[in-house]
Amino acid sequence: MATQHSRTAARLMISPAVILLFLWMIVPLAMTLYFSFLRYNLLMPGMEEWAGFSNYRYFLTDPAFFTALRNTLVLVLGVLMITVTGGILLALLLDQPMWGQGIVRILVIAPFFVMPTVSALVWTNMFMNPVNGLFAHAAKAMGLQPYDFLAQSPLLSITLIVAWQWLPFATLILLTALQSLDSEQMEAAAMDGAGPLSRFVYITVPHLTRSITVVILIQTIFLLSVFAEILVTTNGGPGTASTTLTYLVYVQSMLQFDVGGGAAGGIVAVILANVVAIFLMRMIGRNLDA
């Protein structure tokens with residue numbers, strides 16, 4: 001049993017790591033908050049001046065802000081729908097005994113280890129290219145006109161690319177939860193006359209509820225900061241059709257050289273992300289207590 005002396009020693013030993021982690025998080029955030037109140041343009045070095053809340057007012061009243069906010073929500077919800085639904089289906093498939101099951105599982109999980117930039121380049125050049133892409137060749141083989149995904153449906157294209165990356169993660173979590181399901185319970189339900197669909201709806205889905213909630217929480221936190229896929233494929237275009245909050249902050253600070261406005265956008269994005277995270281954490285807490 002731990003004594004007061006041992007607990008104090010443990011706190012002293014872990015305190016350097018905690019302090020370093022705290023500084024690593026708080027210093028960039030504090031600098032961003034400071035820059036957000038300055039009129040700071042990279043093209044005019046040494047001309048910084050206090051701007052108050054004008055950067056926030058400019059960012060929040062920018063017409064591109066509401067478009068970026070809507071695109072961010074559509075992207076996150078679209079990816080979550082694809083990954084959760086596809087993850088459940090793939091988990092059910094991979095849970096069945098089959099030849100080469102280990103190899104199949106490795107192939108299914110492999111996309112999660114591909115870097116976002118590489119993934120976006122592969123999809124852009126090998127699949128969605130309207131001239132030499134596989135989808136274009138398939139359309140020509142069926143006598144159809146090739147579809148330019150990135151020009152005509154940019155946000156949908158990015159959603160598919162990001163969902164392809166995150167589908168293995170959802171599959172892995174849900175497959176692990178599915179393997180913990182009591183087989184005797186399923187056998188008893190089958191003996192009582194419950195069909196496959198009834199067993200899935202009333203036994204499998206409730207058992208996967210907590211895992212689905214965890215998948216939604218973790219993916220949402222990361223999906224709110226999707227950037228590389230947009231930069232490599234569409235650059236936020238055409239116009240602002242595929243611009244998200246993260247990319248809008250990049251445009252404001254790096255392309256328009258407005259560090260103050262970009263910092264204000266970053267603080268707004270952090271606040272919105274924390275609101276979403278708090279909401280999801282409360283939802284997870286209710287599911288875990290149930």
* Structure fact -> Exactly one of GLN101, GLN179, GLN145 is in contact (Cβ under 8 Å) with a residue 60 or more places away in the chain, surrounded by fewer than 18 Cβ atoms within 10 Å (Cβ to Cβ) and polar (S, T, N, Q), and that one is GLN179
* To do: Please enumerate the residues belonging to region 39-88 that are of a type in the set (A, V, I, L, M, F, W, C), without any contact (Cβ under 8 Å) to a residue 12 or more places away in the chain and more than 19 Å from PHE257 (Cα to Cα).
  => PHE66, LEU73, LEU77, MET81
* Asked: On the given criteria, is PRO168 surrounded by 15 or more Cβ atoms within 10 Å (Cβ to Cβ) and within 17 Å of the chain's Cα centre (by Cα)?
  -> yes
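Listed here are the residues, each with its yes/no results for (1) farther than 30 Å from GLN152 by Cβ; (2) of a type in the set (A, V, I, L, M); (3) out of contact with any Lys or Arg (no Cβ under 9 Å at 6 or more places or on another chain); (4) exposed (fewer than 15 other Cβ atoms within 10 Å of the Cβ).
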position: GLY193; (1), (2), (3), (4): yes, no, yes, yes
position: THR209; (1), (2), (3), (4): yes, no, yes, yes
position: TYR250; (1), (2), (3), (4): no, no, yes, no
position: GLN256; (1), (2), (3), (4): no, no, yes, yes
position: GLY266; (1), (2), (3), (4): yes, no, yes, no
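From the list ALA189, ALA136, ALA141, ALA177, which residue is of a type in the set (Gly, Ala, Ser), over 21 Å from SER242 (Cα atoms) and touching a His at 6+ places or on another chain (Cβ under 8 Å)? Before you say what the answer is, go through the steps one by one.
Working: ALA189 fails: touching a His at 6+ places or on another chain (Cβ under 8 Å); ALA136 fails: touching a His at 6+ places or on another chain (Cβ under 8 Å); ALA141 fails: touching a His at 6+ places or on another chain (Cβ under 8 Å).
The conditions single out ALA177.
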* Within region 276-290, is even one residue within 23 Å of TRP166 (Cα to Cα), part of a helix (DSSP H, G or I) and of a type in the set (Gly, Ala, Ser)? -> yes
* Asked: Within region 93-112, is there a residue that is acidic (Asp, Glu), under 24 Å from LEU231 (Cα atoms) and out of contact with any His (no Cβ under 7 Å at 6 or more places or on another chain)?
  -> no
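LEU208: aliphatic (A, V, I, L, M), modelled with pLDDT under 90 and either on the phi < 0 side of the Ramachandran plot or not in a helix (DSSP H, G or I) (or both), yes or no? If you could, list the steps in order and put the result at the bottom.
Numbers: aliphatic (A, V, I, L, M): yes; modelled with pLDDT under 90: yes; either on the phi < 0 side of the Ramachandran plot or not in a helix (DSSP H, G or I) (or both): yes.
So LEU208 fits the description; yes.
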* To do: Within region 124-168, track down each residue that is part of a helix (DSSP H, G or I) and β-branched (Val, Ile, Thr).
  => THR124, ILE158, THR159, ILE161, VAL162
* Going by the conditions given, is ALA188 at pLDDT below 90, over 30 Å from TYR202 (Cβ atoms) and either part of a helix (DSSP H, G or I) or acidic (Asp, Glu) (or both)? -> no
* To do: Please find, among PHE200, PHE222, the residue that is within 15 Å of the chain's Cα centre (by Cα) and either touching a residue at least 24 places away in the same chain (Cβ under 8 Å) or in a helix (DSSP H, G or I) (or both).
  => PHE222
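The values are calculated or read from the model by the stated rules, or taken from the named source; none is laboratory data. In this text, all values refer to a predicted model and were calculated from it rather than measured experimentally. Don't worry about glycine lacking a Cβ; one is built from the backbone with ideal geometry, like all the others, and counts go over all protein chains shown.
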